[in-house]
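Taken together, the values in this text are just the output of simple stated rules run on the coordinates, not laboratory data. The model shown is predicted, which means the values in this text are computed figures rather than measured ones. As a convention, Cβ positions derive from the backbone with ideal geometry for all residues, glycine included, and neighbour counts pool all protein chains shown.
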Amino acid sequence: MGFESLLGNERLKENLQMSLQKDHASHFYLISGPAGSGKHTLARLLSAAVQCENTNRPCLRCNSCRKVMANTHPDCITVIDPDHKTVAVKLVRDARADIYVMPNEGRRKVYIFPQELGVEGQNALLKILEEPPQYGVFILLSDNPEKLLPTVRSRCTELSLQALPDSVLRSALQKDFPQADADSLAAAAARSGGYLGQAKQILESGSTFSQQAQDFTRAFCQRDSLGLVQVLVPMEKWKRDQAIPELQTWLSLLQEALIFRSGMQAASPLARQLAAARSSAELMAAISQLQKSIEYAQGNVSVAAICGHLQWSLR
Ligand SMILES: [Zn+2]
């Protein structure tokens with residue numbers, strides 16, 4: 001079956017396969033999961049499945065499937081707005097008008113929204129959600145489904161992507177990175193939280209950590225408060241979308257160190273240093289501080305305030 005190219009997530013794939021075989025496609029899908037969890041892969045396969053000319057959907061062999069996979073199907077439209085953080089409401093309205101134009105050649109007309117929608121955009125979408133044309137299918141992708149309006153989320157069939165089992169993830173990585181040694185594969189798998197896309201990114205970047213992550217590790221290992229201040233003060237001027245990923249890296253390093261201390265998994269060299277220098281209780285305290293800080297940063301607390309707070313709370 002065509003969903004196989006999405007790894008793991010067996011239950012979800014089975015359920016989808018069953019409903020699509022009976023041609024019971026929903027009009028609205030919400031594909032949720034962290035970065036690198038396979039949202040784009042699933043969106044593509046699902047679009048192929050609803051257009052597929054065979055019953056074993058997606059067959060990935062018929063003309064429609066092939067066009068969708070090659071991104072050349074005229075009735076499979078991706079709505080993106082590269083100039084804005086969220087999709088401009090005008091683009092949502094355009095899609096809303098366009099949906100009432102019959103499909104060119106497909107069985108359905110599919111709109112994929114890979115980018116987050118703001119409140120206004122979601123409200124514009126709601127109008128179609130109330131009364132979609134028979135052939136219309138909308139696929140929303142989201143890292144943060146809880147940020148969607150409840151009225152939008154409740155109308156969607158949610159497909160929530162899960163982390164991959166370690167063995168599945170590692171064998172996939174082995175195939176893609178035949179040169180990498182077992183330790184780097186295991187460390188990338190552990191740091192990725194079980195998400196293939198993230199693990200690949202870690203391996204592609206050669207597991208290099210930012211200067212800040214290296215400086216943080218050194219200062220935290222040596223209980224060097226001044227060193228910590230020296231890392232955090234320049235970060236106070238950073239933009240949110242620069243600071244949050246950096247703090248997430250620190251968080252995943254600490255989590256990796258904690259897991260490594262329990263003897264469960266391989267770890268990157270930085271995480272090993274942390275595990276050697278600090279007790280599990282200390283790592284847990286730092287993890288909790290970072291988790292709170294990241295949550296605040298994702299809310300409305302300024303980056304400067306968060307970095308200031310971490311200077312004394314990460315001891
Ligand atoms: Zn097909």
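Hey, in the GNM for the chain with a 10 angstrom Cα cutoff, which one of VAL101, VAL89, VAL168 fluctuates hardest?
Of VAL101, VAL89, VAL168, the most mobile in the Gaussian network model is VAL101.
Starting from the Cα-Cα distance between ASN15 and HIS309, subtract it from 0.36 nm times their residue separation and give me the gain in nm to one decimal. Kindly include the intermediate steps, with their values, before the conclusion.
Numbers: separation 294, 0.36 × 294 = 105.84 nm, distance 4.61 nm.
Stretched out fully, the ASN15 to HIS309 stretch lengthens by 101.2 nm.
On a 0 to 90 degree scale, rounded to 10, what angle separates helix 280-298 from the longest Cα axis of the chain?
50 degrees
Given H placed 1.01 Å from N in the peptide plane, which residues other than close sequence neighbours of ASN54 have an amide H under 5 Å from its amide H?
Placed amide hydrogens put CYS59 under 5 Å from ASN54.
Contact order normalised by length for region 164-296, with contacts defined as Cα pairs under 8 Å and 6 or more residues apart; what percent is it?
24 percent
Can you work out the FRET efficiency for the pair GLU105 and THR78, with r the C-beta to C-beta distance and R0 = 22 Å, to the nearest 0.05?
For R0 = 22 Å, the calculated efficiency reads 0.80.
Filter the GluC sites (Glu not before Pro) in region 97-196 down to the DSSP loop ones having no more than 15 other Cβ atoms within 10 Å, then list what survives.
GLU105
Take the Cβ-Cβ distance between SER5 and ARG223 as r, set R0 to 51 Å, and report the resulting FRET efficiency rounded to the nearest 0.05. Please list the in-between numbers first.
On the way: r = 48 Å, r/R0 = 0.94.
E between SER5 and ARG223, to the nearest 0.05, is 0.60.
In nm, to one decimal, how far is the modelled label at ASN56 from the one at SER302, with both set 7 Å along Cα→Cβ?
Label-label distance for ASN56 and SER302, simple model: 6.1 nm.
Ordered by residue, what ³J(HN,Hα) values in Hz, to whole numbers, does region 236-253 give under the Karplus form 6.51 cos²θ - 1.76 cosθ + 1.60, where θ = phi - 60° and Gly and Pro are x?
My calculation for region 236-253 gives 4, 8, 6, 6, 3, 6, 9, 6, 4, x, 5, 5, 5, 5, 4, 4, 5, 5 Hz in order.
In terms of the Cα gyration tensor, with a ≥ b ≥ c the square roots of its eigenvalues, is region 11-87 rounded because a/c is under 1.5, prolate because a/b exceeds b/c, or oblate?
Values: a/c = 2.07, a/b = 1.36, b/c = 1.53.
Since a/c reaches 1.5 but b/c is at least a/b, the shape of region 11-87 is classed as oblate.
5 Å is the cut-off here: which amide hydrogens, built 1.01 Å from N in the peptide plane, fall below it relative to ILE112, excluding neighbours closer than 5 in sequence?
Counting only residues 5 or more places away or on other chains, the set is ILE77, THR78, VAL79, ILE139.
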